[in-house]
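Reviewing the structure listed below.
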Amino acid sequence: MQIFVINLDRNPMRWNRMVKLLDGLNFQRIAAVDGKNLEGPEFNRPGRQASPEMLSRYNRACLMSHRTVCEKFLSGPDPYCCVLEDDVLISPEFPEFMNGTTWIPADADLIKLETTREKVCLSAKSRRCLNRVAKPLRSAHLGTAAYVVSRRGARKILDLTHSADRSIDRVMFEDEGLVELRPYQMVPALCIQFNATGNDLIFPEMESMIQPKNPKPVEPARKPVKLRALSKIQREINRLFRQLKGLPAWIVLRIQGMRCVRVPFE
């Protein structure tokens, strides 16, 4: 499987680390769009409606980088590709999954390989993927450090990110992205972003290069979107789930037929 690694030109140390991690695999570097070279706000601006003007230039650069990967992938013949950001840590079993595609569920357009170790809701149903399982993702699980995408999934991502009004992880793994892309979650996860490990900074190149530290990061309010009937149903289910948080967990899980867990990294 072709692997695309998103890497900023001004961070060769990260690229050198990834070259060592992926030795023996089929990977290619994609030059990341640098937010420092874009116009726009330094941080996401609060507002009543999400818009390109409300999105920070660094989040916009990240979105543009992932769009570049999708376009590059679609220009070739492969049915699937793996996308990695250059600050990801990978499982020793990662190469086994990259050496073939027969483990990918036939209906999977997007498989999230990473975990943030935040609690997420997964379907009780699962598909066997070698010695792991893939479960349909039923709640937001942000982050785009590692995922496998099909050609159909890549086209959907390009369609969903055309307006560039939200960060790429919110487009793919929240709200209508959960309905349009129907992502699977790999359990246990094969990857984790360095800042999700909870460890102190070991390598200076692991410090975030996406945008400077913001003492009070603010996500822009999202504009109402015209969703198809299925999207509206999923949105109402998510709303109901939030309203039912006061009920015993087993009741909520029984209602929605899913399990809320912290996906481990192994």
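Starting from residues that are in contact (Cβ under 8 Å) with a residue 60 or more places away in the chain and open to solvent by less than 20 Å² (accessible area, probe 1.4 Å), keep the ones in the stretch 121-140 and report whichever is farthest from THR102 (Cα to Cα). Top of the filtered list is CYS121.
Using the structure shown, decide if THR115 is polar (S, T, N, Q), within 23 Å of GLY177 (Cβ to Cβ), at pLDDT 95 or above and within 13 Å of the chain's Cα centre (by Cα). Yes: the conditions hold for THR115. Here ASP87, ASP107 are screened, and the one residue that is in contact with a helix residue (DSSP H, G or I) (Cβ under 8 Å, 6 or more places away or on another chain) and under 26 Å from LEU160 (Cβ atoms) is ASP87.
Listed by first and then second residue, the pairs with beta-carbon distance under 6 Å, at least 6 apart or on different chains, first residue in the stretch 187-200 and closer than 30 Å to ARG128 by Cβ and open to solvent by 30 Å² or more (accessible area, probe 1.4 Å), second modelled with pLDDT under 80 and assigned to a strand (DSSP E or B), form an empty list.
The values are calculated or read from the model by the stated rules, or taken from the named source; none is laboratory data. Just so we're clear, the structure is a prediction, and the values are computed from it rather than from any experiment. Every residue, glycine among them, receives a Cβ derived from its backbone with ideal geometry; neighbour counts consider all protein chains shown. These area figures cover heavy atoms from the full protein model, side chains too; ligands, DNA and RNA do not enter into them. Shrake-Rupley method; radii C 1.70, N 1.55, O 1.52, S 1.80 Å.
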